[in-house]
1. Somewhere in the range 195-203, is a residue at pLDDT 95 or above, within 28 Å of residue 63 (Cβ to Cβ), more than 17 Å from the chain's Cα centre (by Cα) and outside any helix (DSSP H, G or I)?
2. Kindly indicate which of 149, 190, 170 is surrounded by fewer than 21 Cβ atoms within 10 Å (Cβ to Cβ) and free of Cβ contacts under 8 Å to residues at least 40 places away in the same chain.
3. Just for the range 113-131: of the residues that are in contact (Cβ under 8 Å) with a residue 60 or more places away in the chain and assigned to a helix (DSSP H, G or I), which one is farthest from residue 191 (Cα to Cα)?
4. Find the strands (runs of 3 or more DSSP E) located wholly in the range 1-112 whose residues include 2 or more that are in contact (Cβ under 8 Å) with a residue 24 or more places away in the chain and farther than 30 Å from residue 239 by Cα, and list them.
5. Could you figure out which of (1) touching a strand residue (DSSP E or B) at 6+ places or on another chain (Cβ under 9 Å); (2) surrounded by 15 or more Cβ atoms within 10 Å (Cβ to Cβ); (3) modelled with pLDDT under 95 isn't true of residue 115?
6. Which condition number does residue 228 fail, the rest of (1) modelled with pLDDT of 95 or more; (2) farther than 23 Å from residue 4 by Cα; (3) in a helix (DSSP H, G or I); (4) in contact with a strand residue (DSSP E or B) (Cβ under 7 Å, 6 or more places away or on another chain) being met?
7. Is it the case that some residue within the range 60-73 is under 26 Å from residue 133 (Cβ atoms) and surrounded by 21 or more Cβ atoms within 10 Å (Cβ to Cβ)?
8. Could you tell me which of the residues 235, 269, 295 is in contact (Cβ under 8 Å) with a residue 60 or more places away in the chain and touching a helix residue (DSSP H, G or I) at 6+ places or on another chain (Cβ under 7 Å)?
């Protein structure tokens, strides 16, 4: 029988991939009016580097946790931003069931073609199909795919955390794509229910398998909302599914919508989270940036 060994979650924004002195390459996206925050206006490059290094240390901790848990298969829950899910078909949940798949960590900010920086991953297709069927048995009707159409393979929400957490690509994966970004997106309540159903589907798999769930994305961005983040983190630490299900969909938009991937992961884990790090990385004095989160359930 399959065993759900635990779960991890981490942000995947390009500010993790680019060093602070390259953040100027990123889109700052302005809101009008957006006031200057004096404490950010005076933030030094040295301070930005210190925060970024704390995020790198958190990534290291999660990678060590993954190795200690020694999963056979990693189920990655991430969003898709017009990479493989386009306007001709935008299901809320998609399970990838092909035998293998590639993912590129190339950055358009550095003019890197998607044909570079590609890694091939083995997909645990028997488990993927069992998850698909198990979700259907519980009232979900997720889409499935055996191929990618994006020139980078899987989208960035999968490529980046896999490269950070499993650089040798030696473990099998099951990618689950969630439409968090484009309305109508699944509700917070539906995401929690999906995570609970996902865990049950994994546990019903009849083959021996150690499975780890990894949630990718978030926290608030491109305009950082520390109040939202900290309220969400407190709910994770208390395993408060009622709070998660009641989150306002008006707050879960653009990059912040990726919190849905964390909801699914937390619901699958069904235990209090340990937050390894929370670090809002501001790019501008008006509050633009990405709030980075790193957590584990084990």
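The values are calculated or read from the model by the stated rules, or taken from the named source; none is laboratory data. A quick note: this is a predicted structure, and the numbers were derived from the prediction, not measured. Note that each Cβ is placed from the backbone with ideal geometry, even for glycine, and that neighbours are counted across all protein chains shown.
1. Checked the range 195-203: no residue is at pLDDT 95 or above, within 28 Å of residue 63 (Cβ to Cβ), more than 17 Å from the chain's Cα centre (by Cα) and outside any helix (DSSP H, G or I).
2. Working: 149 fails: free of Cβ contacts under 8 Å to residues at least 40 places away in the same chain; 190 fails: free of Cβ contacts under 8 Å to residues at least 40 places away in the same chain.
Result: 170 is the single residue among 149, 190, 170 that is surrounded by fewer than 21 Cβ atoms within 10 Å (Cβ to Cβ) and free of Cβ contacts under 8 Å to residues at least 40 places away in the same chain.
3. Residue satisfying both the conditions and the ranking: 126.
4. Qualifying strands (runs of 3 or more DSSP E): 100-104.
5. So residue 115 meets the others, but not (2).
6. Evaluating residue 228 over (1) modelled with pLDDT of 95 or more; (2) farther than 23 Å from residue 4 by Cα; (3) in a helix (DSSP H, G or I); (4) in contact with a strand residue (DSSP E or B) (Cβ under 7 Å, 6 or more places away or on another chain) leaves (4) as the failure.
7. Going residue by residue through the range 60-73, those that are under 26 Å from residue 133 (Cβ atoms) are 69, 71-73.
Applying the additional criterion that residues be surrounded by 21 or more Cβ atoms within 10 Å (Cβ to Cβ) yields 71, 73.
Checked the range 60-73: at least one residue is under 26 Å from residue 133 (Cβ atoms) and surrounded by 21 or more Cβ atoms within 10 Å (Cβ to Cβ).
8. On inspection, the qualifying residue turns out to be 295.
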